[in-house]
Amino acid sequence: MSSSPDIPPFSSLPLIKPGPPYNAWGLYGPDDELGRLNLITPEAIKRGKDTITEGIAINLNLPMSFMPVHPSRKGLSHEIKCSGHSNDDEVSFNTQSSTQWDGFRHYPYQNYPEKGQYRFYGGMTLEEASDKSVIKHGIHNFIRKPITSQAHLLDIPLYLSRHSLPPLDPHSNRSSIDHSTLLACAEEFGVHILPGDILVVRTGWTEGTIDLSKAKREELRGREVNGSCGVAHSEEVLRWHWEKRIAAVVSDCPAYESWPSLSPLSNHQVFLGGWGMPIGELFDLRELAQKCEELGRWTFFFTSMVLNVVGGIASPPNAQAIL
């Protein structure tokens, strides 16, 4: 769609009744594959462009060789092929082994419409989403509508430090960022979220993990419950994200929300399966946070261009912030 549609109030969700909780299926038409990316209008992109005042571009991607959080995900394999007079290289990796976008075929509503069944965005079944010949809702749609817009950083560790509040525990799902903290942090940093903007939440997970010894990181990966901090799940949090008309969310932790979710209905289910809102995970926000604090501003231009894999599930973001 070329223009952002009218967004119904949160109280009108779910739009498809009966349907899974808080779903917005059909809002952008029966054949929609862009979800909340429909909110990124030319006006939103130009608004983001206008935030560029310093000419500073900042990388937001961890190395592809970053140790995967989930042991079942394959890390980077890189080989150089020498022909005797020139070189090629070959790479292989799980698209969610390092910094990543979760696409709409990654995580569905769980146990809906009944136990043992699952529904992705728009009602897609697990069988459809797992079929390589089915390309609907593939990550290639993020090429058709690149995730490029004005963005805002909520630097939670900085906010907590300023107010002498306890820091987040990077590796506990009971260490979460509630609705009131999101609001207070946005107010403190002068963040004004507009329709089609991208929300970037820093938890400090990267620093709390990357500085650990390799043995300690291996130990964390091997835990039965590989927990992490993140945004809390609550109806207030869902309502705020909906009413702010945020197009996509990003964080430096493994799931954006605290994970595993302490609620049977996780934010993943609603954001991806219900609204079609991309979730960015494991972004490297260290340099961005430092520069934002130095400049005293937390709004910037965000660009991302995923791998053009038709029918793909997820992708490295190839993302940058420009101030």
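Below is a table of values for the structure above.
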{"quantity": "Test: SER251 is surrounded by 19 or more Cβ atoms within 10 Å (Cβ to Cβ) and either farther than 23 Å from TYR159 by Cα or without any contact (Cβ under 8 Å) to a residue 40 or more places away in the chain (or both)", "calculated": "no"}
{"quantity": "Residue ID - farthest from the chain's Cα centre (by Cα), chosen from residues in region 56-87 that are over 17 Å from SER98 (Cα atoms) and in contact (Cβ under 8 Å) with a residue 60 or more places away in the chain", "calculated": "ILE56"}
{"quantity": "Residues of region 110-127 satisfying the condition of being part of a loop (DSSP other than H, G, I, E, B) and aromatic (Phe, Trp, Tyr)", "calculated": "TYR112, PHE120"}
{"quantity": "Single residue of region 232-247 satisfying the filter (in contact with a His (Cβ under 9 Å, 6 or more places away or on another chain) and of a type in the set (A, V, I, L, M)) that is nearest to GLY204 (Cα to Cα)", "calculated": "ALA232"}
{"quantity": "Verdict on LYS81 being at pLDDT 95 or above, under 30 Å from LYS17 (Cα atoms) and of a type in the set (D, E, K, R)", "calculated": "no"}
{"quantity": "Residues (more than 30 Å from ILE210 (Cβ to Cβ), in contact with a strand residue (DSSP E or B) (Cβ under 6 Å, 6 or more places away or on another chain) and surrounded by 23 or more Cβ atoms within 10 Å (Cβ to Cβ)) located in region 93-152", "calculated": "PRO108, TYR109, ARG119"}
{"quantity": "Unmet requirement for ASP89, which otherwise passes all of (1) among the charged types (D, E, K, R); (2) within 24 Å of ALA321 (Cβ to Cβ); (3) touching a His at 6+ places or on another chain (Cβ under 8 Å)", "calculated": "(2)"}
{"quantity": "Filter result for GLY274 (more than 22 Å from PRO21 (Cβ to Cβ) and small (Gly, Ala, Ser))", "calculated": "no"}
{"quantity": "Checklist (1) within 16 Å of the chain's Cα centre (by Cα); (2) closer than 26 Å to SER130 by Cα; (3) touching a residue at least 60 places away in the same chain (Cβ under 8 Å) applied to PHE302, failing item", "calculated": "(2)"}
{"quantity": "Residue within region 128-139 that is over 21 Å from the mean Cα position of the chain (by Cα), part of a loop (DSSP other than H, G, I, E, B), among the basic types (Lys, Arg) and at pLDDT 95 or above present", "calculated": "yes"}
{"quantity": "Residues that are surrounded by 15 or more Cβ atoms within 10 Å (Cβ to Cβ), touching a strand residue (DSSP E or B) at 6+ places or on another chain (Cβ under 8 Å) and not polar (S, T, N, Q), drawn from region 28-55", "calculated": "ARG36, LEU37, ILE40, ALA44, ILE45, ARG47, GLY48"}
{"quantity": "Test: ILE58 is of a type in the set (A, V, I, L, M, F, W, C), in contact with a helix residue (DSSP H, G or I) (Cβ under 9 Å, 6 or more places away or on another chain) and not in a loop (DSSP other than H, G, I, E, B)", "calculated": "yes"}
{"quantity": "Condition met for ARG73 (of a type in the set (Lys, Arg), crowded, with 20+ Cβ neighbours inside 10 Å and either at pLDDT 95 or above or assigned to a loop (DSSP other than H, G, I, E, B) (or both))", "calculated": "no"}
{"quantity": "Criterion (out of contact with any helix residue (DSSP H, G or I) (no Cβ under 8 Å at 6 or more places or on another chain) and not in a strand (DSSP E or B)) met by exactly one of GLU293, GLU287", "calculated": "GLU287"}
{"quantity": "Qualifying residue in region 210-228 (condition: touching a residue at least 12 places away in the same chain (Cβ under 8 Å), assigned to a loop (DSSP other than H, G, I, E, B) and touching a strand residue (DSSP E or B) at 6+ places or on another chain (Cβ under 6 Å))", "calculated": "no"}
{"quantity": "Subset of region 170-202 [within 19 Å of SER234 (Cβ to Cβ) and part of a loop (DSSP other than H, G, I, E, B)]", "calculated": "SER172, ASN173, ARG174, SER175, ASP178, ILE193"}
{"quantity": "Residue among LEU15, LEU76, LEU60, LEU27 that alone is under 30 Å from PHE93 (Cα atoms) and touching a Leu at 6+ places or on another chain (Cβ under 8 Å)", "calculated": "LEU60"}
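The values are calculated or read from the model by the stated rules, or taken from the named source; none is laboratory data. Here the structure is a predicted model, which is why all the values come from computation and not from measurement. Neighbour counts are summed over all protein chains in view; Cβ atoms, including those assigned to glycine, are modelled from backbone coordinates with ideal geometry.
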